[in-house]
Amino acid sequence: MKRALLILFIIPFLAVLPAKSDESWSDYTNAGNLWDGQKSITNVEFEKAIDVLQGKQKQKEAKKKKKRVKKLSGGGTSLHSGLDPMSEITAQDPVKIKDDEGQLLNIPVKLYINGDVLDTGFYNVLGEKDKQGDIYLSFYQAHDLKGKVRASETDDDFNSESINFVKLIPYNEDYIKVVFGSLKFNAYAYIRYVGQ
């Protein structure tokens with residue numbers, strides 16, 4: 001019963017459909033004449049048009065690359081030569097460590113050097129050999145010489161992992177051993193200290 005009603009409802013629409021479509025087919029009678037006014041394009045003209053479109057695409061890619069570089073480097077050129085983001089990176093010479101700069105040492109106790117008291121703190125210890133061959137360890141804070149003590153040269157490296165070193169080693173209740181090493185020589189000195 002439901003099928004019959006559905007069929008009766010659809011039949012009137014199908015009867016009207018061909019009449020409407022007949023009217024619209026009359027508009028396509030000139031369909032064959034649509035290409036009559038077109039100009040033919042040669043292969044060379046086609047390739048030029050493609051090159052123009054690809055050129056625009058390459059310009060867009062170049063702009064995107066420039067924006068990425070600007071975003072990473074902060075844009076513009078650097079004030080320092082050789083740091084321009086578009087320049088080639090050149091190899092740098094290895095850093096050379098000067099042997100005469102000394103070694104940093106933290107001294108946690110007061111030391112007596114030549115009758116003067118050397119307070120606790122950080123000192124730059126510099127080992128020097130004079131013309132007679134005597135070795136001296138100089139204790140600097142900033143550029144001020146705070147103390148100088150005579151040391152003895154040795155071949156012992158005091159189990160140090162590096163070539164340049166300076167350490168404090170407890171010796172007994174009254175003295176502490178300062179050991180120093182560099183490319184030129186290794187040395188040690190016993191210095192009297194005041195415990196805390």
Run the numbers on the stretch 99-194 and let me know its relative contact order in percent, using alpha-carbon pairs under 8 Å that are six or more apart. 25 percent
What is the packing order of peptides 118-127, 153-162, taking the mean over residues of other C-beta atoms within 10 Å and listing the highest first? 118-127, 153-162
For residue 131, placing the label point 7 angstrom along Cα-to-beta-carbon and taking the stretch 141-165, residues whose amide nitrogen sits under 20 Å are 150-151
How much length is gained if the chain between residue 71 and residue 145 is pulled fully straight, taking 0.36 nm per residue apart and subtracting their Cα-Cα distance, in nm to one decimal? 21.7 nm
Using only the Cα atoms, work out Rg/Rh for the stretch 99-194, with Rh taken as the Kirkwood radius, to two decimals. 0.93
Once both labels are modelled 7 Å past Cα along the beta-carbon direction, what's the residue 183-residue 48 spacing in nm? 7.0 nm
Contour excess over end-to-end distance, with Cα ends at residue 117 and residue 4 and 0.36 nm allotted per residue: 28.7 nm
Partner lysines for residue 177 [C-alpha distance under 24 Å; skip if fewer than 8 residues away on the same chain]: 110, 129, 146, 148, 167
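Throughout, read-outs are computed from the coordinates displayed, never taken from laboratory work. These figures come from a predicted structure and were not determined experimentally. Using ideal geometry, Cβ is built from the backbone for each residue, glycine included, and neighbour counts are taken over all protein chains shown.
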